[in-house]
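See below for the structure under consideration.
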Amino acid sequence: MELRISNVTKAYKGKRAVDNFNLELGEGLHGLLGANGSGKTTLMRMICGLLRPTEGVITIDGVDIAQAGEGYREYLGYLPQHFGYYPNFSAMDFMTYIAALKGLPKTIAMERSESLLDELGLYAVRKKKLKTYSGGMLQRVGIAQALLGNPKILVLDEPTAGLDPKERVRFRQLLTSLEKDKIIILSTHIVSDVEKIADDVIIMKEGGIVYRGPQTDNLEDLYLHFFRDGNPEDGMRGNLK
Amino acid sequence: MNEKKSKTDWIPVVRQEKVEEVIISGGLFMEQNVPAGSNVWVLMTKQLRYLSPSLWGCQLLLLCVAIAAALITSMDCSDAGYMIFTMAPVAGFLTVPEMLKDLQYNMSELESVCRYDGAKVLVLRLISAGLINVLCLTMISAAMWEAFGVSFLKTVIYGLVPYVWVNVINLFMIMLLRIRSRRVGVLLSVIPAAASYLFQPENMMFYDGAVVFWLAALAAGVLLGAGEVCLIMKERNKREGAFLWN
């Protein structure tokens, strides 16, 4: 399976959030690094078909994802940067609700939801309303719903936001335990999230790629090299420390 | 005869390894989680769960008021018709804002990447909420019919016309002003509901000959409403981010 992004541009009122972007992604874990405002979220949304590119095309095995529509979305698991939820739903309600929208049969949906919540340490509280959950617990629900339906393409936009260090380690373990027949795209501005676990690293700046290569030992230095003059408010230096 | 039956009923002995092989294959199939498609009923019941307790409460309250009125007051046919006409906008005023809940809770992004995407889910929601409202209005009409002998068909129409038009105007205002907050939507929907009280049809509007007018008003409202829903679906299918958080 190959996801190909060809000459993709996304412009908002004349400003190019993603600028003539080219990338081929095969099976494996791809770490997409970049400071806030570098165009990561726009790119993730285009990959998920939430936004249409102003120019260019995104294809899966040669088929335009806009044309593939429902067929493409069946392969997709997505955790948005700002994970939303209905506060009156319990974790189990939420999972089965998403499973129904994903078209999973009821019995499989129940079984898979329980097993994922168990895997993410939420089984004991699965019947509690989401409004009673902490930020970290909600983020885990978000990760669990993204894994429903055994997606072949998994898009995780800032998945560790709100997780404490212990949960981050657990999340990294979960990612590495996933089957290798998936295209996993992990977008983040925190170097340690992709360090050691990503098969390849892509660094984005101002809507384009400034680096793509295999995992290296000096990823932090490499990242800082591109963002030396970055805005301190983007938080990357703080996260690196 | 008995011998033949016993032959056709013969069950082969299966080796234990074969049984285990089948169980493992089944387990692997279950792990695949291949989407097979949710049926409409499952999707509808999930959408019923989505609707807020406030919408259910509002319907129940109206129903209680109507039944109480039917039991304790004495009205003629015209008064009963007018009572339904004034109750229906209340039933409708929470319906359209309810459709903004996915935007309020930032769920539209997540729902739009599912197999049954945002546009389809919106239609299911409108159908679910609409069915509940219509069911409530029908029950109120049935109570009026039973208590005052008003024609059942006419009472249903007297309720449906203001209900449909309040929703059409709500939806139009929300589209025009690009409202994304449910609270603002609820506040805004008070306007058409309140405006319907300014439009006080004379009692003569509730006579037999006016039924054609009521039916025409209902048909026009349904057509306009359907057009608005089509526009919203088209907007969502454009996937230009109008329904995204930022």
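The values are calculated or read from the model by the stated rules, or taken from the named source; none is laboratory data. Here the structure is a predicted model, which means the values were calculated and not measured. Neighbour counts run over all protein chains shown; Cβ positions are idealised from the backbone, glycine included. In case anyone asks, the SASA skips ligands and DNA or RNA and just uses the protein heavy atoms, side chains included. Shrake-Rupley method; radii C 1.70, N 1.55, O 1.52, S 1.80 Å.
Number of residues in region B:106-151 that are basic (Lys, Arg) and out of contact with any Phe, Trp or Tyr (no Cβ under 7 Å at 6 or more places or on another chain): the value is 2. Among the residues of region B:189-198, is any open to solvent by 60 Å² or more (accessible area, probe 1.4 Å), of a type in the set (Ser, Thr, Tyr) and touching a residue at least 12 places away in the same chain (Cβ under 8 Å)? For region B:189-198, residues open to solvent by 60 Å² or more (accessible area, probe 1.4 Å), of a type in the set (Ser, Thr, Tyr) and touching a residue at least 12 places away in the same chain (Cβ under 8 Å): present. Checked against (1) farther than 26 Å from A:ASP221 by Cβ; (2) open to solvent by less than 10 Å² (accessible area, probe 1.4 Å); (3) under 15 Å from the mean Cα position of the chain (by Cα), A:GLY34 passes all but condition (1).
Does any residue of region B:52-59 turn out to be within 16 Å of B:ILE140 (Cα to Cα) and within 14 Å of chain A (Cβ to nearest Cβ)? Show your work before the answer.
Step one: filter region B:52-59 for residues within 16 Å of B:ILE140 (Cα to Cα), giving B:56-59.
Subset that is within 14 Å of chain A (Cβ to nearest Cβ): B:56-57.
Yes; the residues of region B:52-59 include at least one that is within 16 Å of B:ILE140 (Cα to Cα) and within 14 Å of chain A (Cβ to nearest Cβ).
Out of A:ASP118, A:ASP181, I need the residue that is part of a helix (DSSP H, G or I) and surrounded by fewer than 16 Cβ atoms within 10 Å (Cβ to Cβ). Which one?
On the way: A:ASP181 fails: part of a helix (DSSP H, G or I).
Of A:ASP118, A:ASP181, the one residue that is part of a helix (DSSP H, G or I) and surrounded by fewer than 16 Cβ atoms within 10 Å (Cβ to Cβ) is A:ASP118.
A quick yes/no check of all residues on (1) part of a helix (DSSP H, G or I); (2) over 15 Å from B:SER181 (Cα atoms); (3) more than 14 Å from every other protein chain (Cβ to nearest Cβ); (4) open to solvent by less than 10 Å² (accessible area, probe 1.4 Å):
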{"residue": "B:CYS64", "(1), (2), (3), (4)": "yes, yes, yes, no"}
{"residue": "B:TYR82", "(1), (2), (3), (4)": "yes, yes, yes, no"}
{"residue": "B:THR86", "(1), (2), (3), (4)": "yes, yes, yes, no"}
{"residue": "B:LEU103", "(1), (2), (3), (4)": "yes, no, no, no"}
{"residue": "B:TYR116", "(1), (2), (3), (4)": "no, yes, no, no"}
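Residues that are at the interface with chain B (Cβ under 8 Å from one of its Cβ atoms) and in contact with a Leu (Cβ under 7 Å, 6 or more places away or on another chain) are absent from region A:63-77.
Of all the numbered requirements in (1) open to solvent by less than 50 Å² (accessible area, probe 1.4 Å); (2) closer than 20 Å to B:ALA68 by Cβ; (3) in contact (Cβ under 8 Å) with a residue 24 or more places away in the chain, B:GLU146 misses one, and that requirement is (1).
Go over the candidates A:GLY56, A:GLY26, A:GLY62 one by one and state the one that is farther than 23 Å from A:ILE203 by Cβ and surrounded by fewer than 17 Cβ atoms within 10 Å (Cβ to Cβ).
Numbers: A:GLY56 fails: farther than 23 Å from A:ILE203 by Cβ; A:GLY26 fails: farther than 23 Å from A:ILE203 by Cβ.
The unique qualifying residue is A:GLY62.
Screening B:GLN32 with (1) at pLDDT below 80; (2) under 21 Å from B:GLY130 (Cβ atoms); (3) not acidic (Asp, Glu) gives one miss only, at (2).
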